[in-house]
Amino acid sequence: MSAPPPLRIGPIAARVEADAVRRYREATAFDGMTGEGMARDGDEVPATFPAIWLWHPAAKAAFEDLAGEEHLIPVLIAQRFSYRRALRIGEEIRFVITRQADAALPDDVQIEAHIEGSDGEVIADFAATYRLFQPELAQ
């Protein structure tokens, strides 16, 4: 298998919507942290929230051609978030996504995002590593 080609997408404009943050918190909550427990933290944007922007229509290209003719499945194996400040509900942001793979490790693909405020202030960078797996054939 050959490594997927490098890719750069963006900048893409997005907004940190309160409803999207609420749904994300509910979908990723653990240990009963819903309802009243969520209300006291309702204004906080979870650190992993920017991952939803990987499914933004303009950002999907980072994954669209990974499956290729071999129908490989990308599986998240690592992620890292580096913040300079927290995201704020209602905030307008811009992000750029890059994709790269090492020719020596073509099954591992890095997706990185750089997030800025509308004024150009750097807010965060995050990276995710996906390993491409061959699906098992049904017998």
- Take region 117-139 and flag every residue that is open to solvent by 40 Å² or more (accessible area, probe 1.4 Å), free of Cβ contacts under 8 Å to residues at least 60 places away in the same chain and assigned to a strand (DSSP E or B). ASP125, ARG131
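Pick from VAL75, VAL109: which is farther than 16 Å from ILE12 by Cβ and open to solvent by less than 50 Å² (accessible area, probe 1.4 Å)?
Numbers: VAL75 fails: open to solvent by less than 50 Å² (accessible area, probe 1.4 Å).
Checking each option against the conditions leaves just VAL109.
Collect the residues in region 39-86 that are basic (Lys, Arg), at pLDDT 85 or above and in a loop (DSSP other than H, G, I, E, B), keeping them in residue-number order.
If we filter region 39-86 for residues that are basic (Lys, Arg), which is where we start, we get 40, 60, 80, 84-85.
Then drop every residue that is not at pLDDT 85 or above, which leaves 80, 84-85.
Across region 39-86, the qualifying residues are ARG84, ARG85.
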- Query: For region 79-91, how many residues are open to solvent by less than 50 Å² (accessible area, probe 1.4 Å) and either farther than 21 Å from ALA14 by Cα or in contact (Cβ under 8 Å) with a residue 60 or more places away in the chain (or both)?
  - Reply: 3
- Message: Based on this model, can you work out whether ARG94 counts as assigned to a strand (DSSP E or B), under 18 Å from PRO11 (Cβ atoms), open to solvent by 30 Å² or more (accessible area, probe 1.4 Å) and not β-branched (Val, Ile, Thr)?
- Response: yes
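The values are calculated or read from the model by the stated rules, or taken from the named source; none is laboratory data. This is a predicted model, so every value here is computed, not measured. Cβ coordinates were reconstructed from backbone atoms using ideal geometry, including for glycine residues, and neighbour counts include every protein chain displayed. Quick note on the areas: whole protein, heavy atoms, side chains included, nothing else; ligands and nucleic acids left out. Shrake-Rupley method; radii C 1.70, N 1.55, O 1.52, S 1.80 Å.
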